[in-house]
1. Within segment 159-176, work out how many residues are out of contact with any Ser or Thr (no Cβ under 7 Å at 6 or more places or on another chain) and in a loop (DSSP other than H, G, I, E, B).
2. Among the residues that make up segment 99-112, is at least one of them touching a strand residue (DSSP E or B) at 6+ places or on another chain (Cβ under 6 Å), free of Cβ contacts under 8 Å to residues at least 40 places away in the same chain and under 29 Å from S24 (Cα atoms)?
3. Search segment 33-63 for residues being closer than 25 Å to A95 by Cα, of a type outside the set (A, V, I, L, M) and over 14 Å from the mean Cα position of the chain (by Cα), and hand back the single one that is surrounded by the fewest Cβ atoms within 10 Å (Cβ to Cβ).
4. Within segment 64-114, work out how many residues are touching a Lys or Arg at 6+ places or on another chain (Cβ under 8 Å), in a loop (DSSP other than H, G, I, E, B), surrounded by 18 or more Cβ atoms within 10 Å (Cβ to Cβ) and of a type in the set (G, A, S).
5. Which of the residues spanning segment 1-21 are under 16 Å from V70 (Cβ atoms) and loosely packed, with under 15 Cβ neighbours inside 10 Å?
6. Please go through segment 120-141 and pick out each residue that is within 17 Å of L78 (Cβ to Cβ), assigned to a strand (DSSP E or B) and of a type in the set (V, I, T).
7. How about segment 1-24: which of its residues are touching a residue at least 40 places away in the same chain (Cβ under 8 Å) and farther than 22 Å from H49 by Cα?
8. Evaluate the following for T130: is it buried (at least 19 other Cβ atoms within 10 Å of the Cβ), closer than 21 Å to I66 by Cβ, of a type in the set (S, T, Y) and modelled with pLDDT of 95 or more?
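The values are calculated or read from the model by the stated rules, or taken from the named source; none is laboratory data. The model shown is predicted, which means the values in this text are computed figures rather than measured ones. Every residue, glycine among them, receives a Cβ derived from its backbone with ideal geometry; neighbour counts consider all protein chains shown.
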Amino acid sequence: MTHSRTLLSILEWICNDIVGHIPSHTFRNFYYRNIAQIQLGKDSTISMHCKLSTFSRIIIKDNTAINQEVFLDGRGKLTIGNNVNIGRNVHFYTAQHNANSPDFAYVEKAITIKDNVWIASDVIIIPGVTVGEGAVLAAGAVVTKDVTPYTIVGGNPAKFIKKRTKNLKYKTKWAALFY
């Protein structure tokens with residue numbers, strides 16, 4: 001293992017096993033922005049007990065709330081838009097193995113979450129997915145394909161349920177001093 005890779009492993013361990021358990025949103029965000037170099041937007045927050053991988057490839061824009069126990073995988077690049085609400089225990093996977101490859105090839109693909117998306121608890125999003133603006137991913141959904149803007153999807157695999165209003169006026173801004 002190279003020195004830079006060793007240093008990144010130590011940084012990831014500190015982030016996930018120490019900083020992620022500190023009950024101060026202010027301290028965690030300072031660490032994520034200034035030490036881990038995550039692009040974390042204005043008034044966005046990552047709650048306690050989240051796990052992060054490959055920080056330099058994670059971009060979180062403004063007014064985004066990420067609940068507890070979320071896995072943010074930046075190996076294939078993860079971009080989360082403005083005003084996104086992410087429920088507890090959501091998993092973003094940007095890398096996987098190709099089960100049909102003779103050598104079980106490792107594959108990375110970006111995940112993009114557009115603005116004003118609501119991702120309910122226990123959702124899994126696999127590599128290469130783009131979630132359109134204003135979409136809702138229902139609790140427990142397994143998202144294997146792109147999601148059309150302003151639609152609600154759910155199930156395993158996630159399927160269209162109904163359209164969502166385009167007249168969204170709320171801002172996702174949530175952060176307690178100690179949480």
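1. In the first step, residues of segment 159-176 are kept if they are out of contact with any Ser or Thr (no Cβ under 7 Å at 6 or more places or on another chain); the result is 159, 161-162, 165-171, 173, 176.
Those still in the list that are in a loop (DSSP other than H, G, I, E, B) too: 165-171, 173, 176.
Number of matching residues: 9.
2. Yes, because at least one residue in segment 99-112 is touching a strand residue (DSSP E or B) at 6+ places or on another chain (Cβ under 6 Å), free of Cβ contacts under 8 Å to residues at least 40 places away in the same chain and under 29 Å from S24 (Cα atoms).
3. Among those residues, the one meeting the criterion is Q37.
4. 3
5. Applying the first criterion (under 16 Å from V70 (Cβ atoms)) to segment 1-21 yields 12, 15-17, 19-21.
Hits for segment 1-21 are D17, H21.
6. Within segment 120-141, I124, I125, T130, V131 meet the criteria.
7. Just the residues of segment 1-24 that are touching a residue at least 40 places away in the same chain (Cβ under 8 Å), to begin with: 11-12, 15, 23-24.
Those that are touching a residue at least 40 places away in the same chain (Cβ under 8 Å) and farther than 22 Å from H49 by Cα: none in segment 1-24.
8. Numbers: buried (at least 19 other Cβ atoms within 10 Å of the Cβ): no; closer than 21 Å to I66 by Cβ: yes; of a type in the set (S, T, Y): yes; modelled with pLDDT of 95 or more: yes.
When the stated conditions are applied, T130 does not pass them.
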